[in-house]
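The values are calculated or read from the model by the stated rules, or taken from the named source; none is laboratory data. All of these numbers come straight from a predicted model, not from anything done at the bench. Counting neighbours? That spans all protein chains shown, and the Cβs are built from the backbone with ideal geometry, glycine included. When the accessible area is computed, the model is the full protein with side chains, heavy atoms only, and any ligands, DNA or RNA have been set aside. Shrake-Rupley method; radii C 1.70, N 1.55, O 1.52, S 1.80 Å.
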Amino acid sequence: MAGLIADLRQGVRGLLRQPGFTAIAVLALAIGVGSATAMFSVVDTALVRPLPYLAPERQMRLASVNARGEQVPMGAAEFLHLAKHVTTLEALGVYFPHRATLTTPSGPRLSRVASLSASLFTTLGISPSRGRAFEPAEDLAGRAPVAIVSDAFWRREFAADPAVLGRTLQLDRKPVTIVGVLPAGATIPRLEKYEVFVPLAITPEQAALTAARSGYFGVARLKPSVSAAAAKAELDAILHGFNGYGIAIEPLLGWLTAEAAPALRAAFGGVLLLLLIACANVALLLLLRGTARGRDLAIRAALGGGRGRVIFQQVAEGLLLALAGGALGLVFAGFAVRAVVAFAPEGIPRLRELHVDVRMASFALVASLLAGAFAGAVSSWHSLRSDLFALLKDGGAAATPGGSRARVRDGLVVAQLAVALLLAAGAGLLVRSMERFAAIPLGLDPANVQTAFLYPQGPGFSSATEQLVTNARAIPGVEQAALVGYLPLHVARTWEDSIKVAGRNPTDTTPDIAALNWFTPGYLAASGMRLVKGRDLATSDGAGSAPVALVNQTFVNRFFAGREPIGELVRSYDWGETAFTVVGVVQDVRQWGPAVEPLPEMYLPKLQFAQNEEAYGTGAVLVMKSRLPAYALASALRAAGAPLSPQLQLGPPQPLDEYLDFHFRQRRFQLDLALAFAAAALVLSALGVYGAMAFSVAQRRRELAVRSALGAQARQIARLVLARGAWLALIGTCFGTAGALWLSRFLASMLYGVGERDPLTLTIAVATLALVTFAATLAPALKAARTDPMVALRSE
């Protein structure tokens, strides 16, 4: 034990005597270990840890399956029928996310609201921290409207008032009474940002429509010892006999993480490769240090220090470096985790649960020890194979290193370059994918378009909105202004309905579905949409005129294939027997973002859409085309809307570009991670190449001096060193290219419009690696070219 402690002390003193070497090694490990630890925490929280619900291994997600085999939301009648007859489930609950105009002490706003069944609390094992959960009778309409709010909402809107129970909120201008507060951190699956929850309130009409879709997400908890296959068989049998639908069932954890899992796994793989580069870098540094200390090690062995003691000192140095790097990396990981929670886009599940904990620290410790052991083992392995006493005869550090040691040194450099190329190629693919994604035609022009939500405040809302449009058009600098029901690119607002097109015969299990919207004249010009054929909606299309509609090109292609759409009739379930005549066709708009293909859409005049009070009751959006600065337009718009405040509440203006940016955030986050990994890999690889080439020049000083003395020109000496670096880069490129072609398939699900084996991307990555290698080799080459042969030979 005394010898062990002495060796550790000796290792510490040796590292402190070379602060530059120690700082570089510790920093390299800190980057690798810190990045890997932070990403491990994200992956562990999102994909590995059990869900924070009762019996998480038995929690399942349910969806209906129509006759086409497509998964569709559940219906109200389906839920009630299943809840009554199923025997393989311990509990079954549903929820329906939507939006509503919420009026709180801080004012009105469009808020995320979800309707929950009373059984959902039982299914998930969630109990309010204050008040009560919903009662089963509240699943049906007719009870007094109530709500449960999140802990964050209670603290923000009511200052954590203990007397919050019994207080009222206004949802779509209707009072609801708060009866409960959820515990801190409790969430409904995929509703992490929802703060207000209300009962289902199923009407008798909804309960009677066996095949209607209600937009419900189903969550079930299996009975102990019941498999998902057995539950599916029973549910299928029940639904087939009820309305002809089937059921899809899958683990809730898999459903929650399905979209984010490929990107998270790819990021974790990338960060492990970065850790591998850091390990190789430190191993290379220790190997070079061991070579330079060869004479010292030989003297220690000659004086009685056994080969084992010599080897242990090298391993101990690696472990000491690893522990220091791991400690610094853990600090870095803590900051990185906070940054992920603060800046990560929506789509990464369970981010609220992410924090620094024992699992994170344990991973950092294990990763550090493995990295140190690997780095020390490379150097000690060579010590085992080396004839230490021969170094005394060969001149110690001045002797040219043996071929075996040089091959290992070069192998570590090649490995770093290969992995760096792999990461650079992956980052390049994401860059190219982002370029293609950003170039997708949207069907509208968001530039210089400002939007503002309008919330109903009282009677006269409809006429007040029309007056606001008139006032907005009168603002100097406003080119056009109009109203629209559901704003493009604002994915949470939509109204979908079953439709009946003349000449088609949909069934209950294969209905024709279209997204319904409304706008006022001038909207096409304000948003940059293009009319393909027919006419635009006009001011004469009012509540008492003939019902008319515009449809998009996808609607025509799907429902009017081979027919002239102008003049055709379309009926909508929510408008009863009203038949809308198609008077125009507009171009397809990516209403739900660039990644979502256009869906069939039908646009109605405002006054005809407003005949469905439920559809129209959530408010409207003012859309303005203007080149005015945002602050000037906001000020002028507030003045224009002030006289109308008794009828409407005007939300803050927001550029349409900001809604578009939402759809890029997740891809941009993935790209930023990939670029960070690639940049770190290139920097670490450059350090490795520089260190290896600089050490090689120092070791070959005698040889280079002799070449110079025999007439070699400075450029020839420099070319010799550069050629060595180019050779290593070529080998690294070959291995890296093979690895990139093999591993790039794991990025396929994250790419858009570019193949995972894109030759241009690989060419750019290879060129970048070649440039980095050249830059790292240039300084040692210039130093070699400036070698004075007389000084070098005299020192030998």
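Listed values, structure above:
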read-out: Among the residues listed as Ala137, Ala133, Ala91, the single one being over 29 Å from Pro456 (Cβ atoms), assigned to a helix (DSSP H, G or I), among the aliphatic types (A, V, I, L, M) and open to solvent by 10 Å² or more (accessible area, probe 1.4 Å); value: Ala137
read-out: Test: residue in the range 436-455 that is assigned to a helix (DSSP H, G or I), modelled with pLDDT of 90 or more and surrounded by fewer than 16 Cβ atoms within 10 Å (Cβ to Cβ); value: yes
read-out: Spans of strands (runs of 3 or more DSSP E) in the range 472-552 with at least 3 residues hydrophobic (A, V, I, L, M, F, W, C); value: 478-484, 512-519, 548-552
read-out: Matching residues in the range 190-234 - criterion: being more than 18 Å from Glu138 (Cα to Cα), in contact with a Gly (Cβ under 6 Å, 6 or more places away or on another chain) and either of a type outside the set (A, V, I, L, M, F, W, C) or modelled with pLDDT of 90 or more (or both); value: Arg213, Val219
read-out: Some residue of the range 30-50 being outside any helix (DSSP H, G or I), open to solvent by less than 70 Å² (accessible area, probe 1.4 Å), at pLDDT 80 or above and out of contact with any Cys (no Cβ under 7 Å at 6 or more places or on another chain); value: yes
read-out: Those residues of the range 159-187 which are β-branched (Val, Ile, Thr) and touching a helix residue (DSSP H, G or I) at 6+ places or on another chain (Cβ under 8 Å), in sequence order; value: Val164, Val181, Thr187
read-out: The range 577-615, residues that are of a type in the set (Asp, Glu) and open to solvent by 30 Å² or more (accessible area, probe 1.4 Å); value: Glu577, Asp588, Glu597, Glu613, Glu614
read-out: Only one of Leu550, Leu516, Leu489, Leu483 that is open to solvent by less than 60 Å² (accessible area, probe 1.4 Å), more than 30 Å from Leu209 (Cα to Cα) and touching a strand residue (DSSP E or B) at 6+ places or on another chain (Cβ under 8 Å); value: Leu483
read-out: Val12 β-branched (Val, Ile, Thr) and either without any contact (Cβ under 8 Å) to a residue 40 or more places away in the chain or touching a His at 6+ places or on another chain (Cβ under 8 Å) (or both); value: no
read-out: The range 117-165, residues that are among the hydrophobic types (A, V, I, L, M, F, W, C), under 28 Å from the mean Cα position of the chain (by Cα) and either under 15 Å from Val176 (Cα atoms) or at pLDDT below 95 (or both); value: Val149, Ala152, Phe153
